[in-house]
1. Filter the stretch 40-61 down to the residues that are among the β-branched types (Val, Ile, Thr) and open to solvent by 20 Å² or more (accessible area, probe 1.4 Å) and list them by number.
2. Among the numbered criteria (1) touching a Pro at 6+ places or on another chain (Cβ under 6 Å); (2) free of Cβ contacts under 8 Å to residues at least 12 places away in the same chain, which single criterion is violated by VAL32?
3. Hey, among the residues in the stretch 154-164 that are out of contact with any helix residue (DSSP H, G or I) (no Cβ under 6 Å at 6 or more places or on another chain) and not in a helix (DSSP H, G or I), which one's surrounded by the fewest Cβ atoms within 10 Å (Cβ to Cβ)?
4. Give SER234, SER238 a once-over and let me know the one that is more than 20 Å from ARG328 (Cβ to Cβ), outside any strand (DSSP E or B), out of contact with any Cys (no Cβ under 7 Å at 6 or more places or on another chain) and at pLDDT 90 or above.
5. Quick test of your reading of the structure: VAL245 fulfils all but one of (1) open to solvent by less than 70 Å² (accessible area, probe 1.4 Å); (2) more than 25 Å from the chain's Cα centre (by Cα); (3) not hydroxyl-bearing (Ser, Thr, Tyr). Name the failing condition by number.
6. Would you tally the residues in the stretch 66-86 being of a type outside the set (Phe, Trp, Tyr), surrounded by fewer than 17 Cβ atoms within 10 Å (Cβ to Cβ) and in a helix (DSSP H, G or I)?
7. Scan the stretch 293-320 for residues that are of a type in the set (Asp, Glu) and assigned to a helix (DSSP H, G or I) and jot them down.
Amino acid sequence: MDRTILHCDMNNFYASVECFLDPKLKPFPIAVCGSAEERHGIVLAKNYKAKGCGVTTGEAIWEAKQKCPDLVVVPPHYEEYMKFAKAARKIYKEYTDQVEAFGMDECWLDVTGSVRLKGSGEKIANEIRERIKFELGITVSAGVSFNKVFSKLGSDMKKPDAVTCIPKEHFKEIVWDLPASEMIGVGRATERKLSYYGIRTIGDIANWPVDFFKHKLGKCGVDLWRFANGLDHSIVASVDTQVPVKSVGHGITTMQDLENSAEVWKVMLALCQDIGHKLYTYKKKATGIAIYIRDNKLSVKQWQCGIEFSTQSPSYIAREAFELFRQRYEWQNPIRSVTVRAINLVDMSYTDQFNIFCDSEALEKREKLERIVEDIRRRFGKDIICNGCLLDGLKIPLDCETKVIMPTGVPK
């Protein structure tokens, strides 16, 4: 039995939400951008008016304004976007329990079991499209096909507010003439490599020998060949599917360059407060750490190592990360951004084998204290307790409370 898979993509999601919350923005070219003062000044999303002026995601604000002098720049409100995404998924779940998120604004839906009751895949997609528009005030484009790859391709073919069907009997006529870069799994580097060999369309991928892709691109290349030939059989995950957490990290671009190790230590300690909280939430412990350092010349260095015992302790993770940094970084340039990751996670039930020189009692006391601190932060807010050294001279943006305005149709 052929499957009926939908891919729903909310159009210009961030910008659409901003325009819904403030309708006065609708007539203007809009770009949702990070803070230039905090050195996150790039375009995160834009509406169609801005896109028509040549504004692209990822470029600097000043570049966007050169292309579009009338561009209206608004800051992101992630809490708002999460509420809209949650509300959209609630609508999707009325049609199937197989709803798999692909980022905040996109989802696959397997509605094979709903067709008899709700009608064809195209009918269901149009019903969802109209409901999203009426209940949330934004538009969605949907692709309908017999697998995930082609349904994703369909949702990209007509925008905004449209449904595109790619049936199994006619997929070659619809898909094979499209550029290879349109297919999921073909990024810029892969596109360049394929183009070097004269492979420029999805049909070219489908018609070249599979052994060529296996030799040049390995398993990923074989997957591309299978996708192009309509042989994607991957399932749409159920809503309650839990993806194993393999690592937990936090990184930030600093407001000013970090000039010395003391400043790096403060940033790492601040980042690890969030990492520790996530480890408590996921009920995991770290057995290794990794750090990523980018200097003000945009050169990136990264290192990782194991740690002596598994832990959730923010202070211990920070100390190990800083020690790794101190041993490896040569201070050729000031530092622009820092990322710390807790890696090689294990369950809470994991038991360490301590050596005879380890003061296990002291470790237990410290972790007990940090669990108490975590509980206090959970109850009264994460800023209720902090390390004294973080009160002054910290070169990272302060968290700002965002007022969350609930639009009509979006449940709290």
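The values are calculated or read from the model by the stated rules, or taken from the named source; none is laboratory data. Treat the numbers as computed from the prediction; the structure is a model and nothing was measured. Every residue, glycine as well, gets a Cβ built from its backbone with ideal geometry; the counts of neighbours run over all protein chains shown. Remember, those area values only see protein heavy atoms, side chains included, never the ligands or the DNA or RNA. Shrake-Rupley method; radii C 1.70, N 1.55, O 1.52, S 1.80 Å.
1. Residues satisfying the conditions are ILE42, THR56, THR57, ILE61.
2. Among (1) touching a Pro at 6+ places or on another chain (Cβ under 6 Å); (2) free of Cβ contacts under 8 Å to residues at least 12 places away in the same chain, the lone unmet condition for VAL32 is (2).
3. Ranking the qualifying residues of the stretch 154-164, first place goes to LYS158.
4. Of the residues listed, the single one that is more than 20 Å from ARG328 (Cβ to Cβ), outside any strand (DSSP E or B), out of contact with any Cys (no Cβ under 7 Å at 6 or more places or on another chain) and at pLDDT 90 or above is SER234.
5. (2)
6. 5
7. GLU320
Quick grid of which residues meet (1) open to solvent by less than 30 Å² (accessible area, probe 1.4 Å); (2) under 13 Å from ILE343 (Cβ atoms); (3) of a type in the set (Lys, Arg); (4) over 22 Å from the mean Cα position of the chain (by Cα):
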site: THR253; (1), (2), (3), (4): yes, no, no, no
site: GLN256; (1), (2), (3), (4): no, no, no, yes
site: ILE291; (1), (2), (3), (4): yes, yes, no, no
site: GLN304; (1), (2), (3), (4): no, yes, no, yes
